[in-house]
Amino acid sequence: SKSIKRLEGFLQEMKRTDLLDLQERYVALFDRTPSLSLHLFEHVHGDSRDRGQALADLSELFQNDGLSIQRAETPDYLPIFLEFCSIQSQEDAKENLNSIINILSALKKRLENRQSKYAIIFGAIIETVSRKPDARAVEQAIRQASGAAYSNDQVDREWEEQFAFENDGLDNNGKAGCPRADELI
């Protein structure tokens, strides 16, 4: 098929490319661009509490089907999810992939926007499922985030530590402290 030939070409190109260059490209795409994250639930739940419960549920599903994750990755990491699908019956694997078709389609489009050949992989996965993506949902996801590379300032803002409370832990004099503890002195 056409997808197989594209995949073979992509793999041949990867074999000819220096490993450090491949690693740098991968990190720039998938680790430094949140809209290209390979953690599926980030696209659905963001950083909400719902993501934690969804991760626990997925982990339990994996364990019930005999897949034990031996890496420091969450179960929603796409390569792990695909490995899980590989041990399923063809029908169950298609059903699981159908459940993430819109995410896969948005990722594919974002990669195409970046002119990345990784889009070939997503196209091949999408081709294997029976459900068609919801074009409106994918279009809306692309409007929210096109997959464009972040500037250094955007990367800094994204990785900036968030405070757990409204104030930043500093009093009016710029000193760190606990107002309740200060009252006790």
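The values are calculated or read from the model by the stated rules, or taken from the named source; none is laboratory data. The shown structure was predicted, so the numbers you read here are calculated from the model rather than taken from an experiment. Don't worry about glycine lacking a Cβ; one is built from the backbone with ideal geometry, like all the others, and counts go over all protein chains shown. Just the protein is used for accessible areas: all its heavy atoms, side chains included, with ligands, DNA and RNA removed. Shrake-Rupley method; radii C 1.70, N 1.55, O 1.52, S 1.80 Å.
Over segment 45-122, the ratio between the Cα radius of gyration and 2.2 N^0.38 Å evaluates to 1.19. For a paramagnetic label modelled on Asn113 (point 7 Å from Cα along Cα→Cβ), amide N atoms under 13 Å away belong, within segment 5-45, to 33-37. Cross-link partners of Lys15 among lysines, defined as those whose alpha carbon lies under 18 angstrom from its own and excluding same-chain residues fewer than eight positions apart: Lys5, Lys117. When the alpha-carbon atoms of segment 1-107 are used, the pair Rg, Dmax equals 15.5, 43 angstrom.
The fraction of accessible area contributed by carbon and sulfur in segment 1-140 is 49 percent, rounded to a whole number (1.4 Å probe; ligands and nucleic acids excluded).
Taking a virtual spin label 7 Å from the Cα of Glu42 along the C-beta vector, which residues in segment 91-110 bring their backbone nitrogen under 19 Å of it? Hits in segment 91-110 for Glu42 at 19 Å: 100-110. Label-to-label distance for Ser68 and Lys2 is 4.4 nm, based on points extended 7 Å past Cα in the beta-carbon direction.
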